[in-house]
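What follows is a set of notes on a single structure, which appears directly below.
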Amino acid sequence: MLEVEVKNVNEHETWVQLTGDVNIQTSPSLRAKLKPLFEQKGGDIHIDLSGVSFMDSSGIATLVEGLQWARNREGHFVLHDLQETVNDIFVLAKLDTVFEMAGKPA
Amino acid sequence: MKNKLSLTLPAQCDCVFILRSMVNVLCKRSKLSAIEKNRVGLAVDELYANIVRHGYQGEPKPLTFDAEIMHENEASEALMFTFQDCAPVFDISAWKCGEIEPCCAETITAGGLGIPLIHAIMDEVKHEALEHGNRWTLLYRSKKNIKKEVCDA
């Protein structure tokens, strides 16, 4: 129900493509895939959310861990290309200005 | 009764997709927008997750779920969702029921967002302590201007 594809573009940049719903059932697998990335010493992590139409608070909590990683390591943790429904939840949760967000990946 | 769906299921994480399907059916019948449908689905998911994790602590005990379109008057209708569990009576005194507080990257913590989101989305959230369990009722009234609200935010 959720596909997570991790691509290490180079030593400074990792992209993660998510496809599917992020909820109580699928967020543990997302966390398991992202956790090793949060142990990196530096670099930036980019999350492509164009394939995600639904995300609950467990998914947001996992992304918050990424935000904390970025703050501690002076890296960037960027959310890309949120669908309108997912962006709405970030607005509702007043997190739309907390996360670094960008459009479609180049 | 044609606008009421009910089922009893074991409280397991993968069953969240069953509830989502039921919610989607009623949202479509009520002609809710994609944004509203997503919000309502989120609130139901969050309450379900709360019961699975905290009420039953991962044990697949039975949970009854009802989803219904209520005609409050000729001009308006609402969606009502009811969960009934047999978990220990939940202490909701610690729930954060007010408006979600803005936060920043320096102070944000992972978790604790589910209940505030339920309250932010639903018009009414009611908890009843039963002799052997809890009954939870969520009421959502359609907001025809929700798209504009989102665009203006």
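The values are calculated or read from the model by the stated rules, or taken from the named source; none is laboratory data. Treat the numbers as computed from the prediction; the structure is a model and nothing was measured. Because the Cβ atoms are built from the backbone with ideal geometry, glycine has one as well, and the counts that use them run over all protein chains shown. Surface accessibility is based on the protein's heavy atoms, side chains included, excluding ligands, DNA and RNA. Shrake-Rupley method; radii C 1.70, N 1.55, O 1.52, S 1.80 Å.
Using DSSP H assignments, which helices in chain B have an axial alpha-carbon span of 15 Å or above and a mean Kyte-Doolittle hydropathy of 0.0 or higher?
Qualifying helices: B:16-29.
Mind giving me the FRET efficiency for B:Asp91 and B:Thr8? R0 is 41 Å, r the Cβ-Cβ distance, nearest 0.05 is fine.
0.95
Give me the distance between the Cα centres of segment A:31-106 and segment B:17-59, rounded to whole Å.
Measuring centre to centre over Cα atoms gives 23 Å.
Give the longest segment of chain B that steers clear of GluC sites (Glu not before Pro) in DSSP loops with at most 15 neighbouring Cβ atoms within 10 Å, not counting the sites themselves.
Segment B:1-71 is the longest.
Quick one: which bits of segment A:39-75 get at least 50 Å² less accessible when the partner protein chains are in, versus the chain alone, with a 1.4 Å probe?
Flagged in segment A:39-75: A:Phe54, A:Ser57, A:Arg71.
Just to be sure I understand the interface: list residues from segment B:1-33 that lose 50 Å² or more of accessible area between the chain on its own and the complete protein assembly, 1.4 Å probe.
Hits at the 50 Å² cut-off: B:Cys13, B:Phe17.
For the protein assembly as shown, which whole percent of the accessible surface, found with a 1.4 angstrom probe, sits on carbon and sulfur atoms?
Here carbon and sulfur together make up 50 percent of the probe-accessible area.
What accessible area per residue, rounded to a whole number of Å², is obtained for chain B using a probe radius of 1.4 Å?
On a per-residue basis, chain B sits at 53 Å².
Compare each residue of segment B:48-72 in its chain alone against the assembly with all protein chains, and report those whose accessible area goes down by 30 Å² or more; 1.4 Å probe, heavy atoms.
SASA drop of 30 Å² or more in segment B:48-72: B:Arg53.
Chains B and A: what accessible area do they bury, summed, in square angstrom to the nearest 100, with a 1.4 Å probe?
2700
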